[in-house]
Amino acid sequence: MDLRIIGRSSPYAGPGEAAVGYVVDNEGGHMMLECGTGVVAKYLQRYKLSELQGVIISHLHPDHSADLFPLGFAILHSLQQGLRSRPVHLYLPPGGVDTFNAVLEHLGGLQKHYAQAFAYREYRAHVPISIGNWKAYFHRVYHGMSCHGVMVEGEQGQRLGYTADTKMGPELERFFQGVDLLLCEATVDSEEEAQSTNHLTAEEAGRLGAAIGASHLVLTHFLPGTDVDMKKRLAARHFSGKITAAEIDAVYAVGGE
């Protein structure tokens, strides 16, 4: 099971980059995790929509979801061309389907178009779902809105943890315990800012990675221009395993390293 970085930027993408977006893949296909601004064009450079098995969105902030709009039309085009035979399962947080459809209504009554492209599902905390050969689990995190961390389990028990956007909270360690790779936001620079914005610092990401026993900590969700080497050094104050700052188009193995 592999993780590819499509985009790592927030709250907007710098030149040549994309906002938040990732792909989890194996020999049987792939799924998309987040779909922020600019993600679809970069995704289509590497992947075929015919092999897309599902899309998971942690929350509906634009840097995580705005490219659902072009993705929906790309899927429709794929269906019209006969490259797909059915819509893509789109997994949204509780309340997300109504919110997404309300936006589509205000964009010109596009609900019927997108209902042909997406098969909507709302996940729930601690209720697993199956996507292709994976199982995905969810936990409500601490972001001030309906936002969920995700744990994806592969066929051989490999486990990928993804924090989404969150500040530190008492249940994060329990939910992500024992994951092989933790994809963790490291957005802000001080714990005061972390509390006020509901995000993590790189040091907090390091503490979380150490507490859960991860083998590989991948830092992400950076403001364009961030000194990512500094982020790694700060995380390393607390985490002694492998630390990577997410790089565009990089692929990281999950488990078996």
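Some points to look at:
- Flag for residue 205 being under 27 Å from residue 39 (Cα atoms) and either surrounded by fewer than 21 Cβ atoms within 10 Å (Cβ to Cβ) or touching a residue at least 60 places away in the same chain (Cβ under 8 Å) (or both): no
- Every test in (1) open to solvent by 10 Å² or more (accessible area, probe 1.4 Å); (2) among the acidic types (Asp, Glu); (3) within 12 Å of the chain's Cα centre (by Cα) is passed by residue 165 save one, and that test is (1).
- Tally of residues being outside any helix (DSSP H, G or I), of a type in the set (Asp, Glu) and surrounded by 14 or more Cβ atoms within 10 Å (Cβ to Cβ) across the range 168-181: 1
- Qualifying residue in the range 16-32 (condition: touching a Gly at 6+ places or on another chain (Cβ under 8 Å), surrounded by 20 or more Cβ atoms within 10 Å (Cβ to Cβ) and part of a loop (DSSP other than H, G, I, E, B)): yes
- Residue check for residue 143: open to solvent by 10 Å² or more (accessible area, probe 1.4 Å), within 18 Å of the chain's Cα centre (by Cα) and at positive phi: no
- Residue list for the range 222-257, filter: surrounded by 13 or more Cβ atoms within 10 Å (Cβ to Cβ), assigned to a loop (DSSP other than H, G, I, E, B) and touching a residue at least 40 places away in the same chain (Cβ under 8 Å): 223, 224, 246, 247, 248, 250, 254, 255
- Among the conditions (1) touching a Phe, Trp or Tyr at 6+ places or on another chain (Cβ under 9 Å); (2) outside any loop (DSSP other than H, G, I, E, B); (3) open to solvent by less than 50 Å² (accessible area, probe 1.4 Å); (4) closer than 17 Å to residue 242 by Cβ, residue 219 misses just one, which is (1).
The values are calculated or read from the model by the stated rules, or taken from the named source; none is laboratory data. A quick note: this is a predicted structure, and the numbers were derived from the prediction, not measured. Every residue, glycine among them, receives a Cβ derived from its backbone with ideal geometry; neighbour counts consider all protein chains shown. Just the protein is used for accessible areas: all its heavy atoms, side chains included, with ligands, DNA and RNA removed. Shrake-Rupley method; radii C 1.70, N 1.55, O 1.52, S 1.80 Å.
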